[in-house]
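Notes to accompany the following structure.
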Amino acid sequence: MSRNGSAWRRSISISGAGGTIAMGELKLRKSVLLFLVPGLLIYCLFFIVPFLQTAYYSFFNWDGINKPVYSGLNNYMSMFKDPLFVGGIWKIAVWALLAVLIKVGAALVLANALRDKIKGSAFFRSSYFMPVVISSSAMCLIFMLMYDKDVGIINQALRAVGLQELACGWLSEDKTAFYATIAVPIWHTIGLFFIILLAGLQDISGEIYDSAVIDGAGAWVTFTRITIPLLWGVLQICIILAITGAFKNFDYIFILTGGGPGTTTEVPATIMYKTAFVTLKYGYGMAMAMFIFLLSLVVSLLFKQLTKTRVEF
């Protein structure tokens with residue numbers, strides 16, 4: 001790569017049996033950077049600046065009105081002494097585990113089943129993705145009706161097959177509220193992971209599968225020894241998205257239960273919201289927000305590092 005005037009140039013060539021084929025040059029002129037300025041300004045204004053403010057005020061006691069009072073790490077220490085917040089961390093850990101097993105697992109099975117183009121595959125692909133285009137608020141309203149104790153379709157189906165003793169208020173009872181709530185975002189976004197994994201599967205050469213069939217490999221061997229290893233990079237992304245999505249999820253809990261009954265479905269994101277905007281403990285709430293961010297970042301990087309693999313042929 002050499003610099004000439006206001007442009008960076010890099011020659012590209014492809015070497016093969018027939019010699020080297022020149023493909024031209026990539027050029028990056030300084031004038032092009034001017035077109036990035038509006039986007040960068042918006043990004044800094046609505047993400048970088050609020051993030052830095054959140055990090056700064058997390059070290060203060062502040063109600064959003066009066067002058068902030070520096071408190072050091074007291075907000076962070078109080079967090080881990082709060083049984084409600086600590087309990088919320090355990091809940092999102094369970095949520096993340098179920099999201100990986102069910103959401104990513106189901107999406108992988110569906111994507112693998114529709115890897116080859118068969119009759120009706122376009123219909124099924126569209127059907128699996130369709131729920132994703134529905135907003136979270138609309139999806140929550142749909143499930144609130146389905147979960148209703150008296151007129152909900154779930155309880156009606158249970159009564160119809162003679163299992164009326166299992167019918168209950170799914171969102172209003174302690175034993176079912178949390179799992180009934182997290183089932184909604186898990187089901188809602190399976191289609192998104194399905195599309196991501198399907199795109200990854202279609203990048204795998206069909207010749208590899210043909211060779212495996214010739215060698216006598218069955219469906220299970222092909223899936224575990226070829227599909228998963230070659231798709232592992234995409235699977236990593238899906239798993240990280242599923243985990244971080246569970247950690248920072250707010251809207252489904254807020255709409256479906258508001259954290260209730262009692263505190264049964266409270267998670268760090270809802271606790272943070274109520275702390276900052278209901279009790280007006282902005283400094284404490286911002287410390288919770290920073291913790292959620294750092295937890296998502298650390299878990300993502302740790303998972304990426306621990307599952308680093310290299311596939312070779």
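The values are calculated or read from the model by the stated rules, or taken from the named source; none is laboratory data. In this text the structure is predicted, and so the values were computed from the model without any measurement. Every residue, glycine as well, gets a Cβ built from its backbone with ideal geometry; the counts of neighbours run over all protein chains shown.
Restricting attention to segment 156-199 and to residues that are surrounded by fewer than 19 Cβ atoms within 10 Å (Cβ to Cβ) and polar (S, T, N, Q), the residue that is nearest to Ala107 (Cα to Cα) turns out to be Thr176. Considering segment 240-268, the residues that are among the aliphatic types (A, V, I, L, M) and buried (at least 21 other Cβ atoms within 10 Å of the Cβ) include one that is farthest from Gly191 (Cα to Cα), namely Val267.
Screening Ser205 with (1) hydroxyl-bearing (Ser, Thr, Tyr); (2) modelled with pLDDT under 90; (3) in contact with a helix residue (DSSP H, G or I) (Cβ under 6 Å, 6 or more places away or on another chain) gives one miss only, at (3). Among the residues of segment 27-65, those that are over 26 Å from the mean Cα position of the chain (by Cα), over 24 Å from Met288 (Cβ atoms) and β-branched (Val, Ile, Thr) comprise Val32, Val37.
With respect to the stated conditions, Pro83 fails to be surrounded by 14 or more Cβ atoms within 10 Å (Cβ to Cβ) and more than 19 Å from Phe293 (Cβ to Cβ). Considering only segment 92-203, give the helices (runs of 4 or more DSSP H) lying wholly within it that have at least 2 residues that are in contact (Cβ under 8 Å) with a residue 60 or more places away in the chain. Of the helices (runs of 4 or more DSSP H) lying wholly inside segment 92-203, those with at least 2 residues that are in contact (Cβ under 8 Å) with a residue 60 or more places away in the chain span 105-113, 121-129, 136-147, 174-188, 190-202.
One line per residue, one yes/no per condition, for (1) closer than 24 Å to Leu141 by Cβ; (2) modelled with pLDDT of 90 or more; (3) in a helix (DSSP H, G or I):
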residue	(1), (2), (3)
Phe254	yes, yes, yes
Gly260	yes, no, no
Thr264	yes, yes, no
Thr279	no, yes, no
Met286	no, yes, yes
Val298	no, yes, yes
Val311	no, no, no
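In segment 300-309, which residue that is surrounded by 11 or more Cβ atoms within 10 Å (Cβ to Cβ) and part of a helix (DSSP H, G or I) is modelled with the lowest pLDDT? If we take residues in segment 300-309 being surrounded by 11 or more Cβ atoms within 10 Å (Cβ to Cβ) and part of a helix (DSSP H, G or I), then Lys304 is modelled with the lowest pLDDT. Going through segment 106-125 one residue at a time, which ones are under 30 Å from Asn249 (Cα atoms) and surrounded by 15 or more Cβ atoms within 10 Å (Cβ to Cβ)? Answer for segment 106-125, where residues must be under 30 Å from Asn249 (Cα atoms) and surrounded by 15 or more Cβ atoms within 10 Å (Cβ to Cβ): Ala106, Ala107, Leu108, Leu110, Ala111, Asn112, Leu114, Arg125.
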